[in-house]
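Chemist: First, the structure itself, so that you have it in front of you.
The values are calculated or read from the model by the stated rules, or taken from the named source; none is laboratory data. Everything numeric here is computed off the predicted structure, so don't read it as measured data. For neighbour counting, all protein chains shown are included, and Cβ atoms are generated from backbone atoms with ideal geometry for every residue, glycine included.
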Amino acid sequence: MERRKKFTAQELAGFCSQVTSMLKSGISLEEGMYMLAEEMEDVHTKNILKQVEEKLKQNNSFHSALKESKAFPTYLVNMVHIGETSGKLEDVMQAMTKYYEREDAIQDSIRNVIALPLMMFFMIAIILVALVGKILPMFQSVFANLDVDVAVTSSKLMNLGMWVGRIVAGVSFAVLLVALVLFLWYQTAKGKNALKRFSTKFFATKKTADLLATGRFVSSMSVMISSGMDEQEAMKMAGDVVDHEGIQKKIKSCCEEMGEKSLAEALRQEKIVTGMQGRRIAIADRTGMLEEVFADVSRQYDEKIADQMGRFCTKLETTLVLGLSVVVGGVLLAVMFPLVSIITSIG
């Protein structure tokens, strides 16, 4: 079978949703995989679904069929295994649909945070190139044919404008080039891991990275607890899902402490979930309502993440607009001041 790139969060959400619908309708998984494969236009995905169907025909379990295809995330395979073992496969697939929908929404937010400022940067760079390459040289040639005293003054301002414009245009295109290289590097596993580690340490992105990792932890815990998984086992698996070294260390410490402490006490000790959410989990741990509270806290983290990403994007855009507007304004003034002096001298 030809190897395929990994499924996106959106594709995984769609797959889990379709499996949920099959289970609710009483359609066997074997028949369901056949139906999905027939409807699929992408050849690679069709082949993967056919392979899963063949494994199911050989009386393999659903999670084994997914695992042997080597196309699905380990987390999804493990959750399907839990669902089959506990008899809650339908509930698990429904929960996984929401989980991957959340992942897709977060990835979309990250793409917007990166793409919008870069588009603005590119547009401003084009404007600067037009000013420096076309407009300013045109004015320079006009001023050169005018009164000598005016032309000397104009030339100084004009040269300053040209100098500033060229520097900023060069820096803008350098930033765009670096962004393109980083984007291509991010497509590789090594690059993605390196950039994620950088985001957890860089002062401008650390808070957002911590929030994203904590939100992913809470979301995965919500799914696993609702599936009937043991709390300590759920905590261990959550450590594999979260791709944040700092949070992973805290989760590992929680797992070690849970032999003597409750889940809520371990979370509070390591300061993974704090504030009102932490207190709610502590109360739920005592009252046996962890499933409901984790689901609600997960929704709250989704809202916090959306708000944080929105504010980060707004700040970045505002900073870029103000900074580049000042530069463009300065370059334009380098043209306007000489022009005003010429008009005054003529008058």
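Chemist: Pairs please, first residue from the stretch 242-261 and in the same structural domain as residue 193 (by TED's automatic domain parsing), second anywhere and surrounded by fewer than 14 Cβ atoms within 10 Å (Cβ to Cβ) and not polar (S, T, N, Q), Cβ atoms under 8 Å, 6+ apart in sequence or on different chains.
Modeler: Sorted first by the residue in the stretch 242-261, then by its partner, the pairs are 250/271.
Chemist: Identify the single condition in (1) within 23 Å of the chain's Cα centre (by Cα); (2) crowded, with 18+ Cβ neighbours inside 10 Å; (3) not polar (S, T, N, Q) that residue 284 does not satisfy, given that it satisfies every other one.
Modeler: (1)
Chemist: In this structure, is residue 132 in the same structural domain as residue 206 (by TED's automatic domain parsing) and either acidic (Asp, Glu) or surrounded by 20 or more Cβ atoms within 10 Å (Cβ to Cβ) (or both)?
Modeler: When the stated conditions are applied, residue 132 passes them.
Chemist: Can I ask one more? Check the stretch 45-68 and report whether any residue there is within 18 Å of residue 240 (Cβ to Cβ), crowded, with 19+ Cβ neighbours inside 10 Å and of a type in the set (A, V, I, L, M).
Modeler: yes
Chemist: Right, another one. If only one of 293, 335 is farther than 25 Å from residue 118 by Cα and either modelled with pLDDT of 80 or more or among the small types (Gly, Ala, Ser) (or both), which one is it?
Modeler: 293 is the lone residue from the list that is farther than 25 Å from residue 118 by Cα and either modelled with pLDDT of 80 or more or among the small types (Gly, Ala, Ser) (or both).
Chemist: Looking only at the stretch 62-90, filter to residues that are in a loop (DSSP other than H, G, I, E, B) and more than 15 Å from residue 12 (Cβ to Cβ); which one of those is farthest from the chain's Cα centre (by Cα)?
Modeler: That would be 87.
Chemist: Would you mind stating whether residue 41 is out of contact with any Leu (no Cβ under 7 Å at 6 or more places or on another chain) and over 22 Å from residue 98 (Cα atoms)?
Modeler: yes
Chemist: Identify the residue in the stretch 22-44 that is exposed (fewer than 15 other Cβ atoms within 10 Å of the Cβ) and among the hydroxyl-bearing types (Ser, Thr, Tyr) and, among all such residues, is farthest from residue 105 (Cα to Cα).
Modeler: Looking at the filtered set, the residue picked out is 28.
Per-residue answers, yes or no, for (1) small (Gly, Ala, Ser); (2) farther than 19 Å from residue 215 by Cα:
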| residue | (1), (2) |
| --- | --- |
| 257 | no, yes |
| 260 | no, yes |
| 266 | yes, no |
| 275 | yes, no |
| 278 | yes, no |
| 281 | no, no |
| 289 | no, yes |
| 293 | no, no |
| 296 | no, no |
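Chemist: Only one of these is under 23 Å from residue 76 (Cβ atoms) and among the hydroxyl-bearing types (Ser, Thr, Tyr): 219, 199, 262. Name it.
Modeler: Sole residue among the options that is under 23 Å from residue 76 (Cβ atoms) and among the hydroxyl-bearing types (Ser, Thr, Tyr): 219.
Chemist: Answer yes or no as to whether residue 267 is over 27 Å from the mean Cα position of the chain (by Cα), of a type in the set (A, V, I, L, M, F, W, C) and at pLDDT 75 or above.
Modeler: No: the conditions fail for residue 267.
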